[in-house]
1. In the range 14-108, which helices (runs of 4 or more DSSP H) lie fully inside it and hold 1 or more residues that are within 24 Å of Phe142 (Cβ to Cβ) and free of Cβ contacts under 8 Å to residues at least 60 places away in the same chain?
2. Please identify the pairs in which a residue from the range 148-163 that is within 16 Å of Cys136 (Cα to Cα) has its Cβ atom under 8 Å from the Cβ atom of a residue that is exposed (fewer than 10 other Cβ atoms within 10 Å of the Cβ), counting only partners at least 6 apart or on another chain.
3. Do you know which of the residues in the range 105-135 that are among the hydrophobic types (A, V, I, L, M, F, W, C) and surrounded by 13 or more Cβ atoms within 10 Å (Cβ to Cβ) is nearest to Val79 (Cα to Cα)?
4. Is it the case, given these coordinates, that Tyr125 is modelled with pLDDT of 95 or more and under 27 Å from Leu58 (Cβ atoms)?
5. For Leu58, are the conditions met, namely being within 17 Å of Tyr125 (Cβ to Cβ) and at pLDDT 95 or above?
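The values are calculated or read from the model by the stated rules, or taken from the named source; none is laboratory data. From a predicted model like this one, the values you see are computed outputs, not experimental measurements. Here the Cβ positions follow ideal geometry from the backbone for every residue, glycine too, while neighbour counts run over all protein chains shown. We work out accessible area using only protein heavy atoms, side chains counted, and drop any ligands, DNA or RNA first. Shrake-Rupley method; radii C 1.70, N 1.55, O 1.52, S 1.80 Å.
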Amino acid sequence: DMFNDYFSTIGSNVAKSISNAKEWRWKNPKPLYEFKFKHVEIKYVYEKLSKLDENSHLDVLDMDSKLLRLAAHIIAPSVTFLINQSIDTSVLPDDWKYARVTPVYKGKGSKTDKSNYRPISVLSYISCILEKAVQCLIMHFFIKHNYISMDQFAFLKNHSTATCLHRVVDDWYEALNESEMIG
């Protein structure tokens, strides 16, 4: 209960700490391209269901990963319909909002201090498929319209922290070769 009380207040505490929310609003011109969600295809949902663990694991709704995987070809059209309904109506079914939260020690500080733990959430498999679909749709839009900087290295395919490090080291070598200061 102590962890639940603590984790459930973090978001509202952060929101309260941000003063003058009006200052954070978008101040640039209207975007050139309007984003609109597209429907998720059955093929995508089938692929995600087929990649669930073949060993039995229950999600927060007691849905078995193995059963969902085995039934993927039968349930993919229905699951796709539910996901597209959620996208069209901007409503997430209440059951998809549930999570089983486990506090995990961060490895530093006192184990009796609740702030030294992070929450790990287990969601429903279906809500995770929706989440990944939405992420793909948004990323596709950002990449298509060049909204992502070439200096972005996290959360992109083929753009790891190692890639970032190579770029920084190359920039340092170039600066050294041109007798520039590195700061």
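1. Ranges flagged: 42-50, 72-89.
2. Final answer for the pair search is Ala154/Thr161.
3. If we take residues in the range 105-135 being among the hydrophobic types (A, V, I, L, M, F, W, C) and surrounded by 13 or more Cβ atoms within 10 Å (Cβ to Cβ), then Ile126 is nearest to Val79 (Cα to Cα).
4. Working: modelled with pLDDT of 95 or more: yes; under 27 Å from Leu58 (Cβ atoms): yes.
The answer is yes for Tyr125.
5. No, not satisfied.
Every residue, every condition in (1) at pLDDT below 95; (2) over 23 Å from Val122 (Cβ atoms); (3) open to solvent by less than 90 Å² (accessible area, probe 1.4 Å), yes or no:
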residue	(1), (2), (3)
Ser8	yes, no, yes
Gly11	yes, no, yes
Phe35	yes, yes, yes
Lys38	yes, yes, no
Glu41	no, yes, no
Ser50	no, no, yes
Glu54	yes, no, no
Ala72	no, no, yes
